[in-house]
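Asks: My questions all concern the structure below.
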Amino acid sequence: MGKLTEEQRQPRARARARSEALQAEEDDRRREEKRAQWVREGMYLSRQELKAGQPCRGCGEPILDGLGERPPLLRLTPEERAEHDAAEARYKERHGDCRAMRWTMSGSRTQHCGYCCPPPPLGEEQAKAIAEILFSHKTDRRDLDDWDLTLTCDHTVCHTQHRDHQRYSTAVVNCPTCQTRRGVVEAVHIGPTEDLLGEVQRERLAAELRAAEAKGERQRKAAAKTEQRIAEITKELSGTGGRSGD
Ligand SMILES: [Zn+2]
Ligand SMILES: [Zn+2]
Ligand SMILES: [Zn+2]
């Protein structure tokens with residue numbers, strides 16, 4: 001396959017970003033539907049039910065299986081290895097198309113699917129630790145950056161994110177105009193959220209200008225191509241007209 005020119009590469013990259021964003025949006029929608037189903041059908045286990053050994057209400061497999069965590073693959077005996085491979089094949093057969101992470105409880109080895117299986121209740125310690133993180137952590141606005149996100153619906157929204165991140169890290173966000181969750185096709189880093197000197201405003205305008213210029217350039221090229229095609233067809237048409245007149 002020949003090397004692509006920059007002109008060919010850009011639309012392809014855009015198309016790829018768009019189809020990835022649509023896929024993320026679709027996955028997000030599937031997960032939301034699942035979560036709603038788990039609530040509607042009472043599929044979450046309580047801590048008591050979990051401790052009493054009730055199986056997963058998503059896949060029916062045990063959650064606390066009492067088998068202990070699986071030793072590292074390299075240290076398995078041939079029998080253990082065969083048992084592992086069989087479990088792996090069985091998992092892939094049931095969840096091969098789920099596109100989700102797997103989870104297991106510590107002290108158990110039965111794997112559950114992030115898409116099919118409602119997550120287990122948090123232990124008291126875990127719940128306390130998470131609450132502490134959530135309530136103690138206050139982000140200073142001076143540590144935030146603004147990002148302009150173009151969504152699959154072509155709406156643009158501005159989001160903030162901690163400056164530690166080099167790239168925008170959320171794949172699906174809420175679109176206030178569509179009032180639904182949309183995949184992020186493109187994320188443009190704008191600059192610090194706290195804009196005391198008006199620098200962000202300037203940078204934002206400059207970014208808008210660059211985007212508009214790039215769009216104008218694409219449109220000019222497309223128009224030139226169309227003009228060329230018109231000229232070719234016109235020439236071809238006059239050629240056939242000449243012959244039929246002979
Ligand atoms: Zn399960
Ligand atoms: Zn699954
Ligand atoms: Zn929208």
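The values are calculated or read from the model by the stated rules, or taken from the named source; none is laboratory data. Bear in mind that the values here come from a model prediction, so they are computed numbers and not experimental data. Note: ideal-geometry Cβ built from the backbone for every residue, glycine included; neighbour counts use all protein chains shown. Areas reflect the complete protein model, heavy atoms only, side chains present, ligands, DNA and RNA absent. Shrake-Rupley method; radii C 1.70, N 1.55, O 1.52, S 1.80 Å.
Asks: Looking at the range 69-76, is at least one residue free of Cβ contacts under 8 Å to residues at least 24 places away in the same chain, within 12 Å of ligand 1 (Cβ to nearest atom) and open to solvent by less than 70 Å² (accessible area, probe 1.4 Å)?
Replies: Scanning the range 69-76 turns up no residue that is free of Cβ contacts under 8 Å to residues at least 24 places away in the same chain, within 12 Å of ligand 1 (Cβ to nearest atom) and open to solvent by less than 70 Å² (accessible area, probe 1.4 Å).
Asks: Scan the range 175-234 for residues that are within 16 Å of ligand 3 (Cβ to nearest atom) and open to solvent by less than 50 Å² (accessible area, probe 1.4 Å) and jot them down.
Replies: CYS175, CYS178, GLY183, VAL184, VAL185, ALA187
Asks: Same structure again: Go through (1) in contact (Cβ under 8 Å) with a residue 24 or more places away in the chain; (2) of a type outside the set (A, V, I, L, M); (3) farther than 24 Å from CYS116 by Cβ one by one and return the number of the condition ARG31 breaks.
Replies: Among (1) in contact (Cβ under 8 Å) with a residue 24 or more places away in the chain; (2) of a type outside the set (A, V, I, L, M); (3) farther than 24 Å from CYS116 by Cβ, ARG31 violates only (3).
Asks: Considering only residues that are under 13 Å from ASP146 (Cβ atoms) and assigned to a loop (DSSP other than H, G, I, E, B), look in the range 177-208 and name the one that is modelled with the lowest pLDDT.
Replies: The extreme case among them is ASP195.
Okay, residues lined up against (1) among the aromatic types (Phe, Trp, Tyr); (2) within 16 Å of ligand 3 (Cβ to nearest atom); (3) under 28 Å from the mean Cα position of the chain (by Cα); (4) outside the structural domain of THR180 (by TED's automatic domain parsing):
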position	(1), (2), (3), (4)
LEU4	no, no, yes, yes
ALA21	no, yes, yes, yes
ARG31	no, no, yes, yes
GLU41	no, no, yes, yes
TYR44	yes, no, yes, yes
LYS51	no, no, no, yes
LEU74	no, no, no, yes
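Asks: Being at pLDDT below 95, within 20 Å of the chain's Cα centre (by Cα) and outside the structural domain of GLN23 (by TED's automatic domain parsing) is the requirement here; does HIS165 meet it?
Replies: Answer is yes for this residue.
Asks: Here's a check for you: in the range 16-64, which residue that is aliphatic (A, V, I, L, M) and open to solvent by less than 60 Å² (accessible area, probe 1.4 Å) is farthest from THR170 (Cα to Cα)?
Replies: Checked the range 16-64; the qualifying residue farthest from THR170 (Cα to Cα) is LEU50.
Asks: Sticking with this structure for a sec: Return a yes/no flag: does the range 134-153 have any residue that is among the acidic types (Asp, Glu), open to solvent by 70 Å² or more (accessible area, probe 1.4 Å) and more than 16 Å from ligand 2 (Cβ to nearest atom).
Replies: No, every residue in the range 134-153 fails to be among the acidic types (Asp, Glu), open to solvent by 70 Å² or more (accessible area, probe 1.4 Å) and more than 16 Å from ligand 2 (Cβ to nearest atom).
Asks: Can you confirm whether ILE190 is among the β-branched types (Val, Ile, Thr) and under 29 Å from ALA17 (Cβ atoms)?
Replies: Answer is yes for this residue.
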